[in-house]
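We did not get these values from a lab; they are worked out from the coordinates using the rules stated. Computed from a prediction, not measured in an experiment: that's the story for all the values here. FYI the Cβ positions are ideal-geometry reconstructions off the backbone, even for glycines, and counts take in every protein chain you see.
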Amino acid sequence: MMAAQRPPANRSPMGEALTWASRIMSVGMAMFLPAVLGGWLDDRLGTEVLAAIGLVVGFFAGLTWLVRLTVGQQR
């Protein structure tokens, strides 16, 4: 994953807000999509555990990504 880059000092507040909105949506998708994929695989394979595994993996992946984003902005 690429490190978060600090935006230029002359960026407009709207530009900064849109940057953060896209980052947060990306983190949300990283949390949500593994659970959806696991549920789809559960339906196809007749299992009941892959959605739960996807939920846990997605949660930790999204949380890790969010922490890296915020730590990168503090530097």
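Going highest first, how would you order 64-70, 49-55 by mean Cβ packing within 10 Å? Show your work: numbers first, answer last.
Values: 64-70: 14.4, 49-55: 16.6.
Top of the packing list down: 49-55, 64-70.
Residue by residue, what Karplus-based ³J(HN,Hα) values in Hz, rounded to whole numbers, does the range 20-34 have, using 6.51, -1.76 and 1.60 with θ = phi - 60° and x for Gly and Pro?
5, 4, 5, 5, 5, 5, 5, 5, x, 5, 5, 7, 8, 5, x
Where does the range 14-74 land on Rg/Rh, using Cα atoms and the Kirkwood Rh?
On the way: Rg = 14.4 Å, Rh = 12.5 Å.
So for the range 14-74, dividing Rg by the Kirkwood Rh gives 1.16.
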